[in-house]
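Following: one structure in structure tokens, then a few remarks.
The values are calculated or read from the model by the stated rules, or taken from the named source; none is laboratory data. Just so we're clear, the structure is a prediction, and the values are computed from it rather than from any experiment. Note that each Cβ is placed from the backbone with ideal geometry, even for glycine, and that neighbours are counted across all protein chains shown. What goes into the accessible areas is simple: the full protein's heavy atoms, side chains included, and nothing from ligands, DNA or RNA. Shrake-Rupley method; radii C 1.70, N 1.55, O 1.52, S 1.80 Å.
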Amino acid sequence: MDKYLKNVLVVSFGFLLLFTAFGGLQSLQSSLNADEGLGVASLSIIYGALILSSMFVPPIVIQKIGCKWTIVVSMCCYITYSLGNFYPSWYTLVPTSVILGFGGAPLWAAKCTYLTISGNRYAKSAEKEGKDIVNQYFGLFFLIFQSSGVWGNLISSLIFGQTPDKGVGILAVLLITIFLDNIDLKEEEESRRDDKRESFWMKTFATVRHLQDKRQALLIPLTMWSGFEQGFLAGDFTKSYVTCSLGIHFVGYVMICFAAVNATCSLLFGKLSQYTGRMFLFFLAALTNFATIIALLFWMPYPTELVVFFLFPAIWGMADAIWQTQTNSLYGVLFDKNKEAGFANYRLWESLGFVIAYGYSNFLCVSAKLYILLSVLFLGITLYAVVEYIEKKERMLSNEANEVLGIKVCLYQQTKM
């Protein structure tokens, strides 16, 4: 096994262990801690803190201590939230939610940066297309990571009848600390001509400055959609459809179905993208979600229709596999020169989608939430198509410039003969 694949597996299994604990807690918050909206409030606080963290923390932390130690420190922040859920109250969940939120942005930005750099370096050594390897690495990561939803919900629903204990998160920290190689960022820093002249504060505000890139600005609605759609499934579908019709004890099983399909499709679409291209997959996911949301608008849930309760999260999981693998890969490919700031923006706008989704969860009816989902999805996929048009146009101009340069070189050589 080459070192790059080994490191991808270490990162993936580290996230698997960490989110086996956190994922089970997240999916049950709206139902388990329903008193005075404590569960949903804690999730909103998490993603609110994530927004603030995404704006300032990831670029400077990753460049100061590296991807590996950023992941280790951030994982410790997640463990505090698991501890707070042993005695859930406003006094335990609010502060631990803030701690988790501030650790979440650098965790995901460091992971995405690590996988992107590893994929590009392996592709360079193997003389392969960088974007294809990066896609495959993200597909492998999400195959393993999304299965955390299976194990976390299995533990909470079937084996122990409770949420996973704090030891699972500690194992994740130990795995990363012992087995993950610390990737050298000097090569990437040398490729940024102005990086050495940047002050501490310029690096700190790199996430905000990255919005000057029009492609990043156009991708904001699509990135927020990722938060909206995940927030709806975890916060609204589980509460309004599953808990109300079948009972809270079915929430874990439904989320297991979502996670299992998501994990399997992540690997599939990670490999399939090199044959179909990412644009085809994005539109496939959009059409799938459009159809599912419209069906939910007309569906009247009855306890006797047990299969349907599992069919919706399965289809949703297939679409989410595309959103997660392809959007992460898209950011890595488009913003290769500013990975930390790019992935920090990804987490920023996705978190904002989560915050809004959880924020109106207790105030709007389900049909209103579904219409909001349709609107955000339509806007997001439309502006994404504009980004692809811009990229295609720039590639054509680049190819034309290279052709002109080649002709000039040939003419110059002929005059010298």
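Details
- Checking (1) 31.4, 96; (2) 21.9, 86; (3) 27.9, 105 against Rg and Dmax of the Cα atoms in Å calculated from these atoms, the matching label is (2).
- Comparing Leu272, Leu364, Leu352 in a Gaussian network model of the chain, where Cα atoms under 10 Å apart are tied by springs, the biggest mean-square fluctuation is seen for Leu364.
- For region 231-360, averaging the sequence separation of C-alpha pairs within contact (under 8 Å, six or more residues apart) and dividing by the residue count gives a relative contact order of 36 percent.
- Among 313-320, 344-351, the order from most to least packed when residues are scored by Cβ within 10 Å on average: 344-351, 313-320
- Cα-based helix-to-principal-axis angle, 278-298 vs the chain, degrees rounded to 10: 20 degrees
- Surface analysis of the chain yields an accessible area of 44 Å² per residue, using protein heavy atoms and a 1.4 Å probe.
- Here's the picture: charge each Lys and Arg Cβ at +1 and each Asp and Glu Cβ at -1 in the chain, and of Ala321, Ala368, Asn120 the one pushed furthest to the positive end of that dipole is Asn120.
- At an R0 of 25 angstrom, the distance between the Cβ atoms of Lys64 and Val208 translates into a FRET efficiency of 0.85.
- Annotation: extensible slack from Ala217 through Ser89 equals 42.2 nm (criterion: 0.36 nm per residue apart, minus Cα-Cα distance).
- Highest-MSF residue in the chain out of Thr70, Thr382, Thr264 [GNM, Cα springs under 10 Å]: Thr382
- Label-point separation, Phe280 to Leu379 (7 Å along Cα→Cβ), nm: 3.1 nm
- When the chain is treated as a GNM with alpha-carbon contacts under 10 Å, the residue of Lys392, Lys128, Lys214 showing the greatest mean-square fluctuation is Lys392.
- A simple spin-label model places pseudo-atoms 7 Å from Cα toward Cβ; at Leu311 and Lys3 they are separated by 5.1 nm.
- Additional length obtainable on full extension of the chain from Tyr389 to Thr304, 0.36 nm per residue less Cα span: 25.9 nm
- The length gained by stretching the chain between Met396 and Ala291 to full extension, at 0.36 nm per residue less their Cα-Cα distance, is 34.3 nm.
- Members of Lys68/Lys339; Lys3/Lys111; Lys3/Lys337; Lys64/Lys271 lying beyond 26 Å, as alpha-carbon distances in this model show: Lys64/Lys271
- Solvent-accessible area assigned to carbon and sulfur over the chain amounts to 67 percent, based on a 1.4 Å probe.
- Based on DSSP H segments of at least four residues, each scored -39500 (n - 2.57), the chain has a per-residue ellipticity at 222 nm of -27500 deg cm²/dmol.
- Axis angle, to the nearest 10 degrees, between helix 306-334 and the longest C-alpha principal axis of the chain: 30 degrees.
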